[in-house]
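Asks: Have a look at the structure that comes next, please.
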């Protein structure tokens with residue numbers, strides 16, 4: 001019997017519009033009623049993940065920053081963390097600034113950026129359809145480096161770097177790998193998201209990578225939680241779609257790739273579900289839990 005389901009958000013639980021369907025909500029509710037722990041595991045800041053956790057009634061724990069944080073929702077406290085140091089963060093920012101490439105910094109509470117583009121543009125459009133308290137906090141500043149230097153906050157989860165040109169993007173990620181004690185996510189395909197603009201749908205496509213402290217991933221964070229809950233890895237379903245879900249899908253008792261997953265994730269998965277626009281998560285819960 002599976003006791004815990006760890007679910008990625010973007011491209012997995014959320015459809016291309018950033019929504020959770022009613023079928024998926026119903027399947028999750030039935031799983032929770034059976035005593036199954038549902039843990040959302042995302043690269044987003046805590047508040048953004050927590051809002052979606054509350055929406056589906058998964059009110060115990062969440063994983064944020066791709067595994068930089070495990071957060072106890074009920075007690076409102078971080079119970080596991082692996083943050084970037086300010087020195088690491090400033091080195092990453094310097095490379096981005098020197099090469100005029102778009103980037104944003106994630107703290108535990110907000111996304112810090114100089115402009116709305118790529119992933120932050122998607123979050124911004126997503127926010128327009130949400131109540132204020134459920135929105136992802138986007139902090140637009142004129143000078144990110146100066147803001148970080150002056151900030152009293154030391155809890156920085158990751159940096160996301162984006163560009164439409166694969167040549168420019170690859171050049172930057174190569175430079176990032178020269179920084180000590182960080183992990184640069186090896187994303188080789190374009191991210192594709194859909195934004196609703198009135199009656200029109202606009203596609204946002206870009207190459208991206210995510211940079212974290214060394215050995216940060218969703219599975220390592222989840223392992224800490226499993227030890228606290230006395231749950232074995234064989235009792236876990238891990239569902240994801242992208243390379244930042246690799247360890248989660250690989251190590252879980254049942255590793256599930258979405259139909260829209262990158263080929264690398266499908267290759268290591270035990271099961272391939274329908275895509276995120278076809279209630280893939282609901283199908284997995286109905287098939288293996290209910």
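Asks: Expressed as an acute angle from 0 to 90° and rounded to the nearest 10, what is the orientation of the C-alpha long axis of helix 86-98 relative to the principal long axis of the chain?
Replies: That works out to roughly 60 degrees.
Asks: Once a ≥ b ≥ c are taken as the square roots of the eigenvalues of the Cα gyration tensor of region 86-213, is the result rounded (a/c under 1.5), prolate (a/b larger than b/c) or oblate (a/b not larger than b/c)?
Replies: oblate
Asks: Over region 68-107, what is the relative contact order in percent, taking alpha-carbon pairs closer than 8 angstrom and at least six residues apart?
Replies: Once divided by the residue count of region 68-107, the mean separation gives 25 percent.
Asks: Another question about this same structure. Between residue 143 and residue 74, take the C-beta separation as r, use R0 = 45 Å, and let me know the FRET efficiency to the nearest 0.05.
Replies: 0.75
Asks: Could you give the angle, 0 to 90 degrees to the nearest 10, between helix 22-33's Cα long axis and the longest principal axis of the Cα atoms of the chain?
Replies: 60
Asks: When 124, 129 are ordered from fewest to most other Cβ atoms inside 10 Å of their Cβ, what list results?
Replies: The most exposed by this proxy come first: 129, 124.
Asks: Provide, as a two-decimal number, the C-alpha radius of gyration of the chain over 2.2 N^0.38 Å, N being how many residues it has.
Replies: After normalising by residue count via 2.2 N^0.38 Å, the value is 0.95.
Asks: Compute the Cα gyration tensor for region 237-290, then decide on rounded, prolate or oblate, letting a ≥ b ≥ c be the square roots of its eigenvalues: rounded whenever a/c is under 1.5, prolate when a/b is larger than b/c in the other cases, and oblate in all that remain.
Replies: Verdict is oblate for region 237-290.
Asks: Further, regarding this structure: Taking only C-alpha pairs under 8 Å that are 6+ residues apart, what is the relative contact order of region 189-263 in percent?
Replies: Relative contact order of region 189-263: 22 percent.
Asks: What's the exposure ranking of 176, 1, 190, 258, going from fewest to most Cβ atoms within 10 Å?
Replies: With the fewest neighbours first, 176, 1, 190, 258 line up as 1, 190, 176, 258.
Asks: May I pose another question? What percent do you get for the relative contact order of the chain when only Cα pairs under 8 Å and 6+ apart count?
Replies: Normalised by residue count, the contact order of the chain is 22 percent.
Asks: What is the helix-to-structure angle for 46-56, meaning the angle in degrees between its Cα long axis and the longest Cα principal axis of the chain, kept from 0 to 90 and rounded to the nearest 10?
Replies: Here the helix axis deviates by roughly 20 degrees.
Asks: Another question, then. Would you order 174, 125, 196 from fewest to most other beta-carbon atoms within 10 Å of each residue's own beta-carbon?
Replies: Ordered by Cβ neighbours within 10 Å, fewest first: 174, 196, 125.
Asks: Let me ask another. Starting from the Cα of residue 203, step 7 Å along the direction of its Cβ; do the same at residue 250; then give the gap between the two resulting points in nm.
Replies: About 3.1 nm separates the two model spin labels.
Asks: How much of the DSSP beta bridge set in the chain is antiparallel, as a percent to the nearest 5?
Replies: Rounded to the nearest five, the antiparallel share is 60 percent.
Asks: While we're looking at this one, here's another question. Starting from the Cα-Cα distance between residue 170 and residue 26, subtract it from 0.36 nm times their residue separation and give me the gain in nm to one decimal.
Replies: Length difference between fully extended and current span is 47.7 nm.
Asks: Is the C-alpha gyration tensor of region 145-272 telling us rounded, prolate or oblate? Criteria: a/c under 1.5 is rounded; beyond that, a/b larger than b/c is prolate, otherwise oblate.
Replies: In terms of gyration-tensor shape, oblate.
All of the numbers you see were taken from the coordinates with simple rules; none came from a lab. Keep in mind that what you see is a predicted model, and the values were worked out from it rather than measured. With ideal geometry, Cβ positions are generated from the backbone for all residues, glycine too; neighbour counts draw on all protein chains shown.
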